[in-house]
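Notes to accompany the following structure.
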Amino acid sequence: VQLQASGGGLVQAGTSLRLSCIASGRTFSLYGMGWFRQAPGEEREFVAAITWNGGSTIYEDSVKERFIISRDNAKNTVYLQMNSLKPGDTAVYYCARSKWSMPKSISIEYDLWGQGTLVTVSS
């Protein structure tokens with residue numbers, strides 16, 4: 001099973017971007033999924049997560065009113081809609097598969113990671 005993230009790019013502050021993460025294999029719908037990010041010189045941090053069926057989501061406080069995580073199990077894909085982007089959102093964004101159907105916000109609860117996609121927000 002592999003995760004392939006895409007959709008990053010260079011955008012101006014205040015604009016929107018949607019990241020996608022497609023999973024190979026047939027077990028995508030069994031697991032919760034999450035997005036993390038890592039800014040230059042910083043540790044990787046939790047951004048958002050979604051349960052196996054999309055019925056519940058959790059967010060890091062700084063993105064709670066701006067980002068939306070969703071999933072389409074028929075397409076084996078999880079999305080991160082990022083609105084009102086700020087320079088502080090600049091980072092490499094990683095999608096990850098939770099060990100459980102109900103994901104947590106800590107990285108050790110995830111056992112499969114995508115390669116990351118770079119988001120750069122200019123002021």
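Observations, loosely collected:
- I50 vs. criteria among the β-branched types (V, I, T), within 16 Å of F28 (Cα to Cα) and modelled with pLDDT of 95 or more: yes
- As a summary of the residue check, N83 satisfies the conditions (1) surrounded by fewer than 16 Cβ atoms within 10 Å (Cβ to Cβ); (2) farther than 22 Å from S16 by Cα; (3) out of contact with any Gly (no Cβ under 8 Å at 6 or more places or on another chain); (4) not β-branched (V, I, T) except for the one numbered (2).
- Scanning region 59-75 for residues that are within 11 Å of the chain's Cα centre (by Cα) and β-branched (V, I, T), we see that the one that is farthest from Y94 (Cα to Cα) is I68.
- Residues in region 92-123 that are open to solvent by 70 Å² or more (accessible area, probe 1.4 Å) and either over 18 Å from T57 (Cβ atoms) or out of contact with any strand residue (DSSP E or B) (no Cβ under 8 Å at 6 or more places or on another chain) (or both): W100, M102, I108, D111, W113, Q115, L118, S123.
- Within region 1-69, strands (runs of 3 or more DSSP E) holding 2 or more residues that are under 16 Å from T117 (Cα atoms): 3-6, 9-12, 17-23, 33-38, 45-50
- Some residue of region 67-80 being in contact with a helix residue (DSSP H, G or I) (Cβ under 7 Å, 6 or more places away or on another chain) and open to solvent by less than 20 Å² (accessible area, probe 1.4 Å): no
- For beta carbons closer than 8 Å, sequence separation of 6+ or different chains, a first residue in region 50-61 that is of a type outside the set (D, E) and a second that is modelled with pLDDT under 95 and not in a loop (DSSP other than H, G, I, E, B), the qualifying pairs are W52/S29; W52/L30; N53/S29.
- Only one entry of T90, T51, T117 meets the criterion of being among the hydroxyl-bearing types (S, T, Y) and under 11 Å from the mean Cα position of the chain (by Cα), and that entry is T117.
The values are calculated or read from the model by the stated rules, or taken from the named source; none is laboratory data. A quick note: this is a predicted structure, and the numbers were derived from the prediction, not measured. Please note: Cβ atoms are built from the backbone with ideal geometry, for glycine as well, and neighbour counts cover all protein chains shown. For the accessible areas, the whole protein counts, side chains as well, though only heavy atoms, and no ligand, DNA or RNA atoms are used. Shrake-Rupley method; radii C 1.70, N 1.55, O 1.52, S 1.80 Å.
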